[in-house]
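To start, the structure under review is shown below, and the notes come after it.
The values are calculated or read from the model by the stated rules, or taken from the named source; none is laboratory data. All values derive from a computational prediction rather than experimental measurement. All Cβ positions, even for glycine, are placed from backbone atoms using ideal geometry, and neighbour counts span all protein chains on display.
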Number of protein chains: 2
Amino acid sequence: MSLTNATPLEVAQAARSGSRKLAVLSTEERNAALTAIHRALSEGKDEVLAANAKDLKAANNAAEGGELSQSLVKRLDLGKKGKYEDMLQGILDVRDLEDPINKTTARTLLDDNLVLSRITCPIGVLLIIFEARPEVIANISALALKSGNAAILKGGKESNHSFAAIASIISRALSTTAVPSDCLQLVQTHDVIADLLKLDTYIDLCIPRGGNKLVRMVKDSTAIPVLGHADGICCTYLRGDAPTPMAVKVIVDAKVSYPAGCNALEQLLVDTDALSTILPLVAKALLQKGVSLRCDAPSLSALQQTLDPHSAALLQPSTEADYDFEFLDLILAIKTVNSLEEAITHINTHSSHHTDAILTSSPFHAQAFLSAIDSSSVYWNTSTRMADGQRYGFGTEVGISTNKIHSRGPVGLEGLTIYKWVIRGEGQVSAEYGAGGRAWKHERLPVGDGDGEWVAQNEEERELLRRFRAEKGGVNGA
Amino acid sequence: MSLTNATPLEVAQAARSGSRKLAVLSTEERNAALTAIHRALSEGKDEVLAANAKDLKAANNAAEGGELSQSLVKRLDLGKKGKYEDMLQGILDVRDLEDPINKTTARTLLDDNLVLSRITCPIGVLLIIFEARPEVIANISALALKSGNAAILKGGKESNHSFAAIASIISRALSTTAVPSDCLQLVQTHDVIADLLKLDTYIDLCIPRGGNKLVRMVKDSTAIPVLGHADGICCTYLRGDAPTPMAVKVIVDAKVSYPAGCNALEQLLVDTDALSTILPLVAKALLQKGVSLRCDAPSLSALQQTLDPHSAALLQPSTEADYDFEFLDLILAIKTVNSLEEAITHINTHSSHHTDAILTSSPFHAQAFLSAIDSSSVYWNTSTRMADGQRYGFGTEVGISTNKIHSRGPVGLEGLTIYKWVIRGEGQVSAEYGAGGRAWKHERLPVGDGDGEWVAQNEEERELLRRFRAEKGGVNGA
């Protein structure tokens, strides 16, 4: 890892060059690098925490001056109970996941001794821009190396000292492994971002992890593909046939369990026939948890008639703007709908295509909803908070994507890979087929892993392998 | 299909609205639309050819005036023997491919009665910009509808009359089917492209099919993801241990069988130990086919010493620029390399990451090459011309992508799909797991097709289905 004063172009070129060498390393070599990083960060805990203390001191001063929120200061603190150990364990967790590259995912017999294989491989160079939390650097580094990608990392300025310490430790650790240190590049100054975003020749994918503003800025200013989501406006549609206890439980979880999460519930759509049956109990439970309810006219009127005066007094009328807003807070917008179609149309128009749910006892209405909602995750009878890589069983996640291409929803290691098409032949040529008289066989063959692995069979080959992977003069190019 | 005077925003909104309805249609309904289009274009052949004659007349005039090439005029001509019938057959071929949407590609048991499924679905709205050939409109329309996507199509101005005729026939055909006509929008004026490229809220993917200039213009001016390739600079690396007859056959096919194709060979890298053994025979065969050879100093010298004086006189010295240029013509740049590493570095730097090949008898050198080359297709002992969707067994292709995300290499129907994550539960919530005491099961379940299908079971449900799919007042939203 380079803590760099290099120009953005030099950073990107070095990462590209490193990525070429990293891409041909074996599973064992990449895993060994993660083990080395884990050990080094484990041994370097005091060094990192000392640097983190400097960041915290500056942040506390800024917070006292009102320039920084207390919650941001908390997120900065690596000394918080168990946080450093969780970060360390995260590296080993990623190491122990299945290798996502060199997997053969399709094989076709084109003709005798002419076989087409689709083999997963790294994307190349990732640019990851994130805010605040310094432990993310270890997590992202582990994910990038595990999937064979080089990464340029740009963290928030509030955690500069922590980043520098972690970066220098990772750099020292990598120098003892087969992974070139150039594969991880730390960028510290904000003003290089604009230049990096222009380098689509060297950078293959940009992942902004942060607020709406950051993501929009990135999307609007680069030809590099961007993976992520700007907003998390999640909706739940409550039908009159949903069991009331389930509705209360699911909606409370979706709104209250972590209101700052991108998968938290922001809008509740209620069928007219649930207004005075299920909704009052849902509303009461939410009010008890301190949630502000912003209601449209029919739901406001229904709740005012059914809730006790104290609760009813807490209700607020909603405005149109509430249905296009991500509160990230204990606030819920409630809207009345007259039909499944109206709910679907509202969600496809106003949700941010992140995660939306229906609560109903009718499998048919559920299926109609699941089919018609155009969002990355769509649920029946469960909480929108389920949208998470760890909960989906991916081990970890890079973020959540609302993109319509490549990777959608929680992005795990698989989202950091692409594939190449490989043909192994014995001299067959295109003109022999079709008008040339030969017919394609196009038989699907069974697939197995390791088809893309490159294993030396003798000393000559091992020597070639070593030369190939040598830090200098190895495989290169942009 | 609308032949439209609408504003770009209206076009995009109509396509988005149509895409919502199209996405929930059954396989049979989408296939029936393709059958209807096939029948209508079959019956409307005279109408289309009359319109095509107008385009041809204008093009011939322009060609006489030197404003248009004769090859472009040829590409315009739909009356050419078999061309119209091929276009018609292409529609049926796409119809008869496996349905790429509503396929369950992964299933995980998160907990008892809490199942996560990954289900393929359409991307949404495609913007396809192409040059010249009017039959592409039928091909692209078929691919878009088959995969459940709406498409905005912008063709070349030279084929305006043909497009208008085909569009009006397709529009009439669609009006008899469940597919809303809004799902195909034809845009005729060039000046709306800039506006359409700004509408990333409504358009999900842009596919430019045409020259380098068009693709670069599109990539540089939109936040919509772009699928395609700007250049096809394909390389082949010839090692000294390759059998000479195979080398001659493969290289001649790659260069000569269709020099204007993006998968045609543009650069031959030759190991020093093949310079005076295999290369002379390769060069002789190429010269006999009329190929101009642009050689670096070592290969030029080797060939001058081994070829007959007549052949040697045809050789040209290369310039550095020849190694970054797509000739699309009977021209080949030849470069000498001293090692596998040098070949790999050259290709990773100078090829356009489209298709590159190695010719060798050594499986190890082949494997090293296949692993290290960062291109969408990488071959051992076969011609770069194999890079083609039909040859890969995809039935057809939308184009060839050199992107590092989503779809790489020849893009078939699968490249026009994405997936959504669906969870079916019975009231489970996030707070129950982890600290809440319950453990995730994360068991992989077998996958099957049709999980995303939505089939009405009784009259009430059939009525709901009908209302849902009604042309007006149906599922909508942006």
- Message: I'd like to know if the stretch B:301-322 contains one or more residues that are under 29 Å from the mean Cα position of the chain (by Cα), without any contact (Cβ under 8 Å) to a residue 12 or more places away in the chain, farther than 23 Å from B:Gly409 by Cβ and assigned by TED's automatic domain parsing to the domain that holds B:Ile358.
- Response: yes
- Message: Suppose we keep only residues that are more than 9 Å from chain B (Cβ to nearest Cβ) and aliphatic (A, V, I, L, M) within the stretch A:209-241. Which one would you say is nearest to A:Thr417 (Cα to Cα)?
- Response: A:Ile224
- Message: Which residue is farthest from A:Leu279 (Cα to Cα), if the candidates are limited to the stretch A:294-350 and must be in contact with a Gly (Cβ under 9 Å, 6 or more places away or on another chain) and of a type in the set (Asp, Glu)?
- Response: A:Glu326
- Note on the structure: Screening B:Ala223, B:Ala242 for residues that are of a type in the set (A, V, I, L, M) and over 25 Å from the mean Cα position of the chain (by Cα) leaves only B:Ala242
- Message: As an exercise: evaluate A:Cys235 against (1) closer than 30 Å to A:Ala357 by Cβ; (2) in contact with a Cys (Cβ under 9 Å, 6 or more places away or on another chain); (3) surrounded by 24 or more Cβ atoms within 10 Å (Cβ to Cβ) and give the number of the one condition it does not meet.
- Response: (2)
- Six or more apart or on different chains, Cβ under 9 Å: which pairs go from a residue in the stretch B:169-193 that's more than 15 Å from B:Ala12 (Cα to Cα) and not assigned by TED's automatic domain parsing to the domain that holds B:Ala142 to one that's in a helix (DSSP H, G or I) and basic (Lys, Arg)? Could you list them? none
- Query: Is there any pair with a first residue in the stretch A:330-346 that is closer than 27 Å to A:Tyr258 by Cβ and a second that is in a helix (DSSP H, G or I) and of a type in the set (A, V, I, L, M, F, W, C) whose Cβ atoms are under 6 Å apart and which are 6 or more apart or on different chains, and what are they?
  - Reply: A:Val337/A:Ala343; A:Ile344/A:Ala372
- So the strands (runs of 3 or more DSSP E) completely within the stretch A:79-131 holding 1 or more residues that are farther than 23 Å from A:Ala36 by Cβ and more than 14 Å from chain B (Cβ to nearest Cβ) are A:125-130
- Message: Residue under question is A:Ile347, and the condition is that it be crowded, with 24+ Cβ neighbours inside 10 Å and over 20 Å from A:Ile400 (Cβ atoms); does it hold?
- Response: no
- Test: B:Ala368 is of a type in the set (Gly, Ala, Ser), under 20 Å from B:Val248 (Cα atoms) and either surrounded by 15 or more Cβ atoms within 10 Å (Cβ to Cβ) or not assigned by TED's automatic domain parsing to the domain that holds B:Leu238 (or both): no
- Look at B:Leu41 and say whether it is within 16 Å of B:Thr176 (Cβ to Cβ), touching a strand residue (DSSP E or B) at 6+ places or on another chain (Cβ under 9 Å) and either buried (at least 18 other Cβ atoms within 10 Å of the Cβ) or not aliphatic (A, V, I, L, M) (or both). no
- Query: Any residue at all in the stretch B:200-212 that is under 22 Å from B:Gly90 (Cα atoms) and of a type in the set (S, T, N, Q)?
  - Reply: no
- Test A:Thr105 against the stated conditions and say whether it is at pLDDT 95 or above and of a type in the set (S, T, N, Q). no
- Message: Take A:Leu145 and tell me if it is surrounded by 23 or more Cβ atoms within 10 Å (Cβ to Cβ), away from chain B (no Cβ under 14 Å) and at pLDDT 90 or above.
- Response: yes
- Note on the stretch B:260-279: residues surrounded by fewer than 20 Cβ atoms within 10 Å (Cβ to Cβ) and either within 14 Å of B:Leu332 (Cβ to Cβ) or of a type outside the set (S, T, N, Q) (or both) are B:Ala260, B:Gly261, B:Asp273
- Task: Identify all residues within the stretch B:183-214 that are of a type in the set (Asp, Glu) and crowded, with 23+ Cβ neighbours inside 10 Å; write none if there are none.
- Result: B:Asp204
- Message: Just to be sure before I move on: is A:Val192 within 14 Å of chain B (Cβ to nearest Cβ) and of a type in the set (A, V, I, L, M) in the structure I sent?
- Response: no
- Query: Take the residues of the stretch A:124-137 that are over 15 Å from the mean Cα position of the chain (by Cα) and of a type in the set (A, V, I, L, M): which is modelled with the lowest pLDDT?
  - Reply: A:Ala132
- Within the stretch B:148-164, the count of residues that are buried (at least 24 other Cβ atoms within 10 Å of the Cβ) and part of a helix (DSSP H, G or I) comes to 3
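Rundown of residues vs (1) under 30 Å from A:Tyr419 (Cα atoms); (2) modelled with pLDDT of 95 or more; (3) assigned by TED's automatic domain parsing to the domain that holds A:Ala12, yes/no style:
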residue: A:Leu72; (1), (2), (3): no, no, yes
residue: A:Leu78; (1), (2), (3): no, no, yes
residue: A:Lys81; (1), (2), (3): no, no, yes
residue: A:Gly90; (1), (2), (3): yes, no, yes
residue: A:Arg95; (1), (2), (3): yes, yes, yes
residue: A:Asn113; (1), (2), (3): yes, no, no
residue: A:Leu116; (1), (2), (3): yes, yes, no
residue: A:Cys121; (1), (2), (3): yes, yes, no
- Taking the stated definitions as given, is A:Glu471 of a type in the set (D, E, K, R) and either at pLDDT 90 or above or closer than 28 Å to B:Asn263 by Cα (or both)? no
- Please go through the stretch B:316-334 and pick out each residue that is part of a helix (DSSP H, G or I) and of a type outside the set (A, V, I, L, M, F, W, C). B:Glu320, B:Asp322, B:Tyr323, B:Asp324
- Query: How about the stretch A:301-321: which of its residues are of a type outside the set (S, T, N, Q) and either closer than 18 Å to A:Ala254 by Cβ or touching a strand residue (DSSP E or B) at 6+ places or on another chain (Cβ under 6 Å) (or both)?
  - Reply: A:Leu315
- Members of the stretch B:425-439 that are farther than 25 Å from A:Thr360 by Cα and of a type in the set (A, V, I, L, M, F, W, C): B:Ala435, B:Ala439
- Could you please give the count of residues in the stretch A:238-259 that are surrounded by fewer than 20 Cβ atoms within 10 Å (Cβ to Cβ) and closer than 17 Å to A:Leu370 by Cβ? 1
